[in-house]
Amino acid sequence: MRVPPGVSEKDFVDALKQFEAAIGKEWVFSSEEDTDLYRDAYSPFWNEPEDPVPSAAVAPDGVEQIQKIFKIANTYKIPLWTISTGRNLAYGGSAPLLSGSVVLDLKRMNRILEVNEQNAYALVEPGVSYFDLYKYIQEKGLKVWIDPPDPGWGSPVGNSLERGGGRTPMRDHFGAQCGMEVVLANGDIVRTGMGALPGAKTWQQYRYGFGPYVDGMFSQSNFGVVTKMGIWLMPEPEAYREGIVQVQKHDDLIPFVEILSYLMNSGISQGTMLLESPLLDYRASQGGGVLDAPGGPSVAEMEKLARDKNLAYWSATLHFYGPAKVVDSQWEYTQEKFSAIPGVQFKDGRAYRFPVELKEGEEAPRVALGIPNLSIFGLIQSTHGHMDFSPIIPMTGEAVFESLKVFGEAYAELGVPPKNQFFALPWSFFPRSFVLIFGFPIEHDIEKNRKTREVFKRLVQVAAEHGWGEYRTHTAFMKTVSDVYSFNNHALRRFHETLKDAIDPNGILSPGKSGIWPKRMREAQG
Ligand code: ADP
């Protein structure tokens, strides 16, 4: 039988019996057949002893059952690992960071408590998926949009807590969070923001309530279990349109991103933009890669290739949402601004008026239109999954150049073939910054995975040396990433640990999450 670290088999058997008495035998899973379902399908430790396995899983139906589970876990010092729908693939899936933890699976808590059309918000439980919420809104004919991630499975609660991103103007998922209910390790139920006021009328409308604003403490954290969360939705716009902007020269990227930042930071263009390069894509198709590796072609050679092949150096699709006449003017204004760059070219992209009826299989930017789907899986060509190295860099052309060079050099030094990743150009998932998402394939090959893990760790260091840090990471690298957030001799980590020790003294909640270990395990982790 698998047991949590430091827990005797006898105690664990007793604890499982108590879990069963508390929440019902059918909701406590301890056979290997059942618990294996919670392993990370994209584990970078495939077939290695370090691959974390849960010892059991428990699926409570509400806060009272969570409180009972916490009481038992505190008695036996059993580590729990919380998941909402457990679809956090590429970042650990539903598997715990600490092998032997008991997965606290909140899938049964799947009530949509409110969707408010006038003020565009929802209040949901953790087991509500993006598909559930979308379906509910469609069935009721409400004129609000959700903002699903790519891919659209998973839950608004889990994804927002991980600070995931989507594609519509509400793309910063934690930024769209408003008010939560949290169960603390001692069983106390806290409502944040206006929710602290009994009978509050604005829990999902006004974020801050009174006093210190604590919601952020529960994101990417192990300080509590979120059982309800408010999320802001987007009123259904009248229209959506895309405008494609392309520039020809390498250095055009500097004014290109300058104008782009102005347009995005002013709310003129909204949603997520991906910087593209038809020229670098062409070079990658010839085996050259997108990164700027040492010994690669010079700028003049690349610009000549661009002319010969008639390819733009840089390109982006900008998104506009709003009243039809407003989006038309925004696109017109966008073209006016970009006209400052000699040789710039514009193309109209796709355009929709809402409500729209998309046919099944019809090509459309579904995620940008708030429609959850799984088509991203068709785009990512990796057999056994992938994991993502995702640093945040400034939203400037200079930073893009620097990152292509720095990571190009790192790839060369580490001997990684330029093709051994996807997506090296920035996305604007979060306001005022870019995120690079380097996907590394997971293989059913221990040696290759070991090498990839080493490369990953090195890239975290290289990024940190340039002032760039990851926005989120796989459980396997949470310590590595938190190690580089080290200002003032790890003052932030020390603060996190002080909080952890105060609110979860037995260290039952998600040990190791984001590099935060409870006191009793800290030494063993070095
Ligand atoms: P999704 O539902 O989007 O698939 P997951 O359930 O995989 O997301 O959750 C992603 C991560 O977020 C988990 O590994 C966990 O650390 C954290 N998390 C998820 N749900 C909760 C919750 N209700 N309370 C606290 N942390 C959570």
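Under the convention that each Lys and Arg Cβ holds +1 and each Asp and Glu Cβ holds -1, the size of the dipole of the range 268-394 around its Cα centre is about 120 debye.
A straight Cα-to-Cα reach below 21 Å connects Lys304 with the lysines Lys249, Lys405, residues fewer than 8 places away in its own chain not being considered. Does the range 107-256 come out rounded, prolate or oblate by the C-alpha gyration tensor, with a ≥ b ≥ c the root eigenvalues, rounded set by a/c under 1.5 and, if not, prolate when a/b is larger than b/c and oblate if not? Cα axes put the range 107-256 in the prolate bin. Contact order for the range 33-150, expressed relative to its length and based on alpha carbon pairs under 8 Å spaced 6+ residues apart, stands at 24 percent. Here the gap between Asp11 and Ala364, fully extended at 0.36 nm per residue and compared with their Cα-Cα distance, gives a gain of 121.6 nm. Could you work out the relative contact order of the range 164-297, using alpha carbon pairs under 8 angstrom and six or more residues apart, expressed as a whole percent? Computed over the range 164-297, the figure is 24 percent. Extension gain, Arg458 to Asp501, is 12.4 nm, computed as 0.36 nm per intervening residue step minus the present C-alpha separation. For the range 441-502, the dipole from Cβ point charges (+1 on Lys and Arg, -1 on Asp and Glu) about the Cα centre works out to 40 debye, to the nearest 20.
Counted by Cβ distance under 13 Å from Ile112, the other residues give a net charge of 0, where Lys and Arg count +1 and Asp and Glu count -1. Need one word for the range 440-526: rounded, prolate or oblate. Basis is the Cα gyration tensor (sqrt eigenvalues a ≥ b ≥ c); a/c below 1.5 gives rounded, then a/b vs b/c decides. Because a/c hits 1.5 or more and a/b fails to exceed b/c, the range 440-526 counts as oblate. On the range 426-525, 53 percent of the accessible area sits on carbon and sulfur atoms, based on a 1.4 Å probe. With the simple spin-label model, which puts each label point 7 Å out from Cα in the Cβ direction, the Lys405 to Ile446 separation comes to 4.2 nm.
With R₀ set to 45 Å, the beta-carbon distance separating Tyr262 from Asp34 gives a calculated FRET efficiency near 0.25.
What the chain shows is 43 Å² of accessible area per residue, with the surface traced by a 1.4 Å probe over protein heavy atoms. For the pair Thr202 and Gln345, label points projected 7 Å from Cα toward Cβ lie 5.1 nm apart.
Measuring nothing but how far apart in sequence close Cα pairs (under 8 Å, 6+ apart) lie, relative to its length, the chain scores a relative contact order of 17 percent.
Give, to the nearest whole percent, the P(r) tail of the range 145-200 beyond 16 angstrom, counting all Cα pairs. Taking all Cα-Cα pairs of the range 145-200, the fraction more than 16 Å apart is 51 percent.
To make sure I understand the rule: partners must be lysines, Cα under 23 Å from the Cα of Lys71, and not fewer than 8 residues away in the same chain. Which ones qualify? Filter leaves Lys10, Lys17, Lys25, Lys107, Lys228, Lys500, Lys513, Lys519. Take the convex hull of the alpha carbons in the range 1-97; its mean projected area over all directions comes to 6.1 nm². In whole angstrom, the chain maps to an equivalent ellipsoid with semi-axes of 40, 29, 20, each derived as √(5λ) from the alpha carbon gyration tensor and ordered largest first. Extension gain, Ala21-Glu238: 0.36 nm per intervening residue step, less the Cα-Cα distance, totals 72.8 nm.
Measuring r between the beta carbons of Arg432 and Ile189 and using R0 = 25 Å, the FRET efficiency lands at 0.10. Once the C-beta distance of Asp328 and Phe354 is scaled by a Förster radius of 22 Å, the resulting FRET efficiency is 0.90 to the nearest 0.05. Among residues other than Asn186 with Cβ under 10 Å from its Cβ, the summed charge is -1 (Lys and Arg +1, Asp and Glu -1). Here's the list of aspartates and glutamates a cross-link from Lys337 could span, going by alpha-carbon distance under 18 Å and ignoring same-chain residues fewer than 8 apart: Glu242, Asp251, Asp252, Glu258, Asp328, Asp348.
I need the Debye-formula profile for the range 36-192: one equal scatterer per C-alpha, no solvent, reported as log10 I(q)/I(0) at q = 0.13, 0.16, 0.17 1/Å, two decimals. Each listed q corresponds, in turn, to -0.65, -0.95, -1.05.
If a/c stays under 1.5 just call it rounded; otherwise compare a/b with b/c (prolate if a/b is bigger, oblate if not). Do that for the range 310-378, with a ≥ b ≥ c from the square roots of the Cα gyration tensor eigenvalues. Verdict is oblate for the range 310-378. With the simple spin-label model, which puts each label point 7 Å out from Cα in the Cβ direction, the Glu465 to Asn488 separation comes to 2.7 nm. Around the amide H of Lys228, modelled in the peptide plane, lie the amide H atoms of Glu181, all under 5 Å away and 5 or more residues distant in sequence or on another chain.
The values are calculated or read from the model by the stated rules, or taken from the named source; none is laboratory data. For clarity, every value in this text was computed on a predicted model and none was experimentally measured. As a convention, Cβ positions derive from the backbone with ideal geometry for all residues, glycine included, and neighbour counts pool all protein chains shown. When the accessible area is computed, the model is the full protein with side chains, heavy atoms only, and any ligands, DNA or RNA have been set aside. Shrake-Rupley method; radii C 1.70, N 1.55, O 1.52, S 1.80 Å.
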